1. Round to the nearest 0.05 the FRET efficiency obtained for ASN111 and GLN18 when R0 = 30 Å and r is the Cβ-Cβ distance.
2. In nm, what is the difference between 0.36 nm times the number of residues separating LEU213 and GLU168 and their Cα-Cα distance?
3. Can you give the Rg and Dmax of the chain based on its C-alpha atoms, in angstrom?
4. Given the DSSP H assignment, sum -39500 (n - 2.57) over each helix run of at least 4 residues in the chain and divide by its residue total; what's the result at 222 nm in deg cm²/dmol, nearest 500?
5. Counting other Cβ atoms within 10 Å, which chymotrypsin sites (Phe, Trp or Tyr not before Pro) in the range 103-206 have at most 12 and lie in a DSSP loop?
6. Which whole-Hz ³J(HN,Hα) couplings does the range 187-200 yield from phi under the Karplus relation 6.51 cos²θ - 1.76 cosθ + 1.60, θ = phi - 60°, glycine and proline marked x?
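Taken together, the values in this text are just the output of simple stated rules run on the coordinates, not laboratory data. Predicted model, so just to flag it, every value in this text is computed and none were measured. Don't worry about glycine lacking a Cβ; one is built from the backbone with ideal geometry, like all the others, and counts go over all protein chains shown.
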Amino acid sequence: MLADEQIERYSRQIILPQVGGKGQEKLLRASVLLNGAGPLQETALLYLAAVGIGTIGILTDEEVGLSSVLMPESSDALTTVPQRLNPECAIVHHHGTEGHPLTALSQLARNYTLAISGPDSHLHDACYIARRPFLCVQSVGTQCWFLTCRGYDASQPCAHCVQLPTREEAPSPFVDLAALFLGAQLVTEVVKIILGLDQSAGATLVRCEFPDLRFDVQKVRKNPDCSYCGHSLSE
Ligand SMILES: [Zn+2]
């Protein structure tokens, strides 16, 4: 049961028929593992706290040197800023993982409802093993994108099934704007996954580019010849 102050805090979500009191309780019980520093991850962190995700795990291999407009000070900001926004949200830091990265990460992934990470991480494979949804994100140059992989069954694509957008670009302040814009969309997808609102097959690739504000949504199907999930599923 939600307390009175929770009903007040989340009233704008609770009145949505897709959420309601039960949905809000689900969000409060949910946990999201966030890996890597970047404008999209930082924006997501704030929105995840605001919607009432109960626990947010932050995985960093090294001391985070943040550079974005949102949290310019230090890694302390990774705890204090979201908690100021929503004191109910627990922030847990994981500094690297001991032992074999894939084994350790899949154990960690099992403790979370889903994970968000850049593409250059073992966390994707760990989530696939742990059968946890994985949202692959990247912000580079003037563009941000994310891919949602639900990865629960043989019909769902993994991130390796997809030709992910790659672009060598110099850092640009526009990437922060793209991240602000796309971060809200990313967390909407997280909420949909937690509440089971999207049962469709396939992954979704969403891209946003500034300053043109080009927005692009693509449905991605499983690649039967995928070198990763084609092989691992037959084992
Ligand atoms: Zn695949």
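1. Numbers: r = 27 Å, r/R0 = 0.89.
The formula returns an efficiency of 0.65 here.
2. Gain in length upon complete extension: 14.3 nm.
3. Answer for the chain, Rg first and Dmax second: 17.3, 52 Å.
4. The helix contribution divided over the chain gives -10500 deg cm²/dmol.
5. Qualifying residues, ordered by number: TYR152.
6. 6, 4, 5, 4, 4, 4, 5, 4, 8, x, 7, 10, 9, 5
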